[in-house]
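S.K.: The following block contains the structure, expressed as structure tokens.
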Amino acid sequence: MTICSKCGGPVNTSRVARYAAENELQKMGVVLINTVDKHECESCGTASVDIPDLPGLIACVAVYRATMPWRLQGFEIKFLRKAMNISAKQFAELLEVQSETVSRWENDKAPMGPANEKLLRLLTAHTLADRAPGVLHSADTIAQLKISAVQDVAQVPPPMALYYAEVLLNKTAPEPEGVWREERKAA
Ligand SMILES: [Zn+2]
């Protein structure tokens, strides 16, 4: 049994069936299915959670979002850019726009436009594909997306339901590796 680092009391560990992510991942609508372990002290109530492979999760979320047809909001543009680990300045140079333009996109002050948005999505999928092997995507389907705005509540995208699975990524690898996967069936 684990001991609480604050009070020395007994700590209960349980698997969370549906864990709503926090911070940026929460804004992206991420729900983690049967993956997260929650540790809670029985005496003082101090709680913490374990999320496996956070960099892999971020890559998975970015590639998954790149395949969804709803227009990217400013914070989502920023999430995809940061997931690729490129600065706003590098991003501006890649798309041959001013740095101020990137800032306006990311703060919802100016629309990105469908062509730039598709470039960002393709770049995201291409850059992060190796780190998000559990997400189905192809350059063709992204290029052919009909990107639309979310105009009413009925069109709000469903949460991004993801789970973490142990799979053998490479037949020559000695051990199975973990990989984040999307759950496409209705959550
Ligand atoms: Zn405690």
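The values are calculated or read from the model by the stated rules, or taken from the named source; none is laboratory data. Just so it is clear, the model here is predicted, and its values are computed rather than measured. Counting neighbours? That spans all protein chains shown, and the Cβs are built from the backbone with ideal geometry, glycine included.
S.K.: Is it true that some residue in the range 52-65 is farther than 30 Å from residue 143 by Cβ, over 12 Å from the mean Cα position of the chain (by Cα) and within 16 Å of the ligand (Cβ to nearest atom)?
M.R.: Step one: of the range 52-65, the residues farther than 30 Å from residue 143 by Cβ are 52.
Subset that is over 12 Å from the mean Cα position of the chain (by Cα): 52.
Those still in the list that are within 16 Å of the ligand (Cβ to nearest atom) too: none.
Among the residues of the range 52-65, not one is farther than 30 Å from residue 143 by Cβ, over 12 Å from the mean Cα position of the chain (by Cα) and within 16 Å of the ligand (Cβ to nearest atom), which makes the answer no.
S.K.: Looking at the range 73-80, is at least one residue closer than 17 Å to residue 118 by Cα, away from the ligand (no atom under 16 Å from the Cβ) and not in a helix (DSSP H, G or I)?
M.R.: yes
S.K.: Residue by residue through the range 1-25, note down the ones that are part of a loop (DSSP other than H, G, I, E, B) and either away from the ligand (no atom under 16 Å from the Cβ) or touching a helix residue (DSSP H, G or I) at 6+ places or on another chain (Cβ under 8 Å) (or both).
M.R.: 21, 22
S.K.: What is the one condition in (1) surrounded by 15 or more Cβ atoms within 10 Å (Cβ to Cβ); (2) within 24 Å of residue 33 (Cβ to Cβ) that residue 158 does not satisfy?
M.R.: (1)
S.K.: Among the residues of the range 26-50, how many are on the phi > 0 side of the Ramachandran plot and either within 9 Å of the ligand (Cβ to nearest atom) or surrounded by fewer than 16 Cβ atoms within 10 Å (Cβ to Cβ) (or both)?
M.R.: 2
S.K.: Suppose we keep only residues that are among the charged types (D, E, K, R) and over 20 Å from the mean Cα position of the chain (by Cα) within the range 144-172. Which one would you say is modelled with the highest pLDDT?
M.R.: Taking the range 144-172 as the starting set, the residues that turn out to be among the charged types (D, E, K, R) are 146, 152, 166, 171.
When the remaining residues are screened for being over 20 Å from the mean Cα position of the chain (by Cα), the result is 146, 152, 171.
Working: 146: 88, 152: 62, 171: 47.
Top of the filtered list is 146.
S.K.: Condition first: in contact (Cβ under 8 Å) with a residue 12 or more places away in the chain, of a type in the set (A, V, I, L, M, F, W, C) and part of a strand (DSSP E or B). Now tell me which residues in the range 26-56 satisfy that.
M.R.: Across the range 26-56, the qualifying residues are 30, 31, 32, 33, 36, 41, 49.
S.K.: For the range 103-114, check the following and say yes or no: at least one residue is within 15 Å of residue 64 (Cα to Cα) and outside any loop (DSSP other than H, G, I, E, B).
M.R.: Within the range 103-114, none of the residues are within 15 Å of residue 64 (Cα to Cα) and outside any loop (DSSP other than H, G, I, E, B).
S.K.: For residues that are closer than 19 Å to residue 94 by Cα and charged (D, E, K, R), scanning just the range 110-149, find the one that is surrounded by the most Cβ atoms within 10 Å (Cβ to Cβ).
M.R.: 121
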